[in-house]
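Visitor: This is the structure I want to talk about, given as structure tokens.
The values are calculated or read from the model by the stated rules, or taken from the named source; none is laboratory data. None of these values were measured; they are calculated from a predicted model. For neighbour counting, all protein chains shown are included, and Cβ atoms are generated from backbone atoms with ideal geometry for every residue, glycine included. Note: accessible area is taken over every heavy atom of the protein model, side chains too, but ligands, DNA and RNA are not part of it. Shrake-Rupley method; radii C 1.70, N 1.55, O 1.52, S 1.80 Å.
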Amino acid sequence: MTASAQAAPPAAPRQCDVLVIGGGPAGSTVAPLLAEMGYSVVLLDKARHPRFHIGESLLPANLPLFERLGVGDEVRAIGMQKWGAEFVSPHHAHKQAFEFADAWDKAMPYAYQVKRAEFDAVLIRNAARKGVAVHEGCKVRRVDFLPDNSGAVVRACHDDGREEEWQARFVVDASGRDTFLANRFRIKQRNPKHNSSAVYGHYAGARRNEGQAAGNITIFWFEHGWFWFIPMQGDVTSVGMVTWPYFMQTRGGRSLQQFLADGIALCPALAERLQDAELVNEVEATGNFSYVSERNHGPNYLLLGDAYAFIDPVFSSGVWLAMHSGVLGAETIDACLRNPAAAPAALKRFDRLMRHGPKEFSWFIYRVTNPIMRDFFMGPKNIFRVKEALLSVLAGDIFGRTPIWNSLRIFKLLYYSANLLQPRRAFRGWRRRRFNIRRVDDAAVTPG
């Protein structure tokens, strides 16, 4: 190939204060907040919106942030109201409903279920309206950090083949499960305390609850994990099977659609809700569901949301943790750029709060399939306000000033005491969990 036939080298890098990789909930939160502070912000997203994404269930704690971002009316227009969550166990004769209105803080009684294609499009369009230079269909290829912590040069490729470079004072990785910087730095680790995969699809005609509870999320336990059942507008219901690697290994030559259908058949309570339902999209799967990065920041970069860590979707915490990390990220970057002397303290605070969310949710997530914990969920008591505190966690109210922590400590003490009083059952539950999360041949559980 002659020199003249080769692609022209990219032009000199454009300048910006902050470059955000990824236009999901984390990126589309941090970017407009920084733009409102007066910073020049560029957001690059490899996709074009709207695009399909899983994770449709939001938490009440999201709602004040929607108002702060100026998207409250738009989210209300696309959302199915979710007033609570219910749990269905094959080992209990009843289902157990939790109402967010019964949480410690009564001011957040509901949330929404949303189609993520619509929701994410609302957020990224809002970022553009707020002055963010949004580039969709633009995939980041490399990030080269400059000497003396003076920023980075980011090279990206548009989907029409054009290459472009930006020089930024600060880089935000909000790339979600792509974990761009964590992969580059080789700091992404399997979560040794959890290990699951998900297979999911959208259905029309699923049987929902009646009245106000029609939009509630339902969690169905079954022998090999659990299912989510998330009603959305337009008679669409998201159904997902979160299961352990050993069960994914049993898929064999079955299609994902058949594997999901066979899993649903193992959960009679869910199968009854889907008896007259019809699959309306292609079944998809996600492997290696639980991971964490060794760090979430450096002198001139941050990792937000799923680009830093993801545990499990059982409590619908993903979007809330991502968007809250965007708020923390904007505050941290502002402190670092406005007053470099304050950067160490700002980054230390960022690190502490980024670890706080996954830590508080993970204590419950690691135990939610344990038979003793299942008994606690299916027969909650409000002694010492422990039920209200638990509902506050389910609502995402873990970053504010709601005084739930002593009650949560009592809840944990009661749980540990129940394990001591039922040592054989506790040991069987512990042994089963160790079996469930063990690693198996990756090739056998890779979705596709």
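Visitor: For the chain, with all protein chains present and a 1.4 Å probe, just round the carbon and sulfur fraction of the accessible area to a whole percent.
Guide: Taking all protein chains in place, the chain shows 53 percent carbon and sulfur surface.
Visitor: First obtain the Kirkwood hydrodynamic radius of segment 227-337 from its Cα pairs, then insert it into the Stokes-Einstein equation at 37 °C and 0.692 mPa s, and state the resulting D in µm² per second as a whole number.
Guide: The diffusion coefficient I find is 194 µm²/s.
Visitor: Something else about it: Of [x] 22.4, 79; [y] 24.7, 83; [z] 21.3, 64, which one was derived for Rg and Dmax of the Cα atoms in Å from the structure shown?
Guide: Looking at Rg and Dmax of the Cα atoms in Å for this model, the match is [x].
Visitor: Something else: Charges only on Cβ, +1 for Lys and Arg, -1 for Asp and Glu: so what's the dipole of the chain about the Cα centre, in debye to the nearest 20?
Guide: 1780 debye
Visitor: Taking the Cα centroid of segment 336-404 and of segment 17-45, what is the distance between the two, rounded to the nearest whole Å?
Guide: About 26 Å separates the Cα centre of segment 336-404 from the one of segment 17-45.
Visitor: Given 25 °C and 0.890 mPa s, compute D for segment 159-250 with the Stokes-Einstein relation, Rh being the Kirkwood radius over Cα pairs; round to the nearest whole µm²/s.
Guide: Approximately 142 µm²/s, per Stokes-Einstein.
Visitor: Additional query: Could you order M373, M108 so the one with the most accessible surface comes first? Probe is 1.4 Å.
Guide: Largest accessible area first, the residues go M108, M373.
Visitor: Rounded, prolate or oblate for segment 5-74? Axes are the square roots of the Cα gyration tensor eigenvalues, ordered a ≥ b ≥ c, and the cut-off for rounded is a/c under 1.5.
Guide: Oblate is the answer for segment 5-74, as a/c is 1.5 or above yet b/c matches or exceeds a/b.
Visitor: Using amide H atoms built in the peptide plane, which far-off residues or other-chain residues are under 5 Å from I219 H to H?
Guide: E86, F87, V88
Visitor: Now, a different point. Taking the alpha-carbon centroid of each part, what is the distance from segment 195-262 to segment 108-143 in angstrom?
Guide: 25 Å
Visitor: Taking K and R as +1 and D and E as -1, what net charge do the other residues with C-beta under 9 Å from the C-beta of I54 add up to?
Guide: -1
Visitor: In whole Hz, what ³J(HN,Hα) sequence does segment 14-21 give by Karplus (6.51, -1.76, 1.60; θ = phi - 60°), x for Gly and Pro?
Guide: 6, 9, 7, 6, 9, 10, 10, 9
Visitor: Enter the accessible area per residue of the chain (Å², integer; probe 1.4 Å; all protein chains in place).
Guide: 43 Å²
Visitor: If packing is taken as the average count of other Cβ atoms within 10 Å, what order do 115-124, 334-343 fall into, highest mean first?
Guide: So the peptides 115-124, 334-343, ranked by packing, come out 115-124, 334-343.
Visitor: Can you list the HN-Hα couplings for segment 413-429, worked out from phi with the Karplus curve (6.51, -1.76, 1.60; θ = phi - 60°), rounded to whole Hz and with x for Gly and Pro?
Guide: These are the phi-based 3J(HN,Hα) values: 4, 4, 5, 5, 5, 5, 5, 5, 7, 10, x, 5, 5, 5, 5, 5, x Hz.
Visitor: Each residue of segment 325-332 in turn: what ³J(HN,Hα) in whole Hz from Karplus with 6.51, -1.76, 1.60 and θ = phi - 60°, glycine and Pro shown as x?
Guide: 5, x, 5, 4, x, 5, 4, 5
Visitor: So what's the convex hull volume per residue for the Cα atoms of segment 304-448, in Å³?
Guide: Each residue corresponds to 155 Å³ of Cα convex hull volume.
Visitor: Given the rule -39500 (n - 2.57) for each run of at least 4 DSSP H residues, summed and divided by the residues of the chain, what is its mean residue ellipticity at 222 nm, to the nearest 500 deg cm²/dmol?
Guide: Computed mean residue ellipticity for the chain: -11000 deg cm²/dmol.
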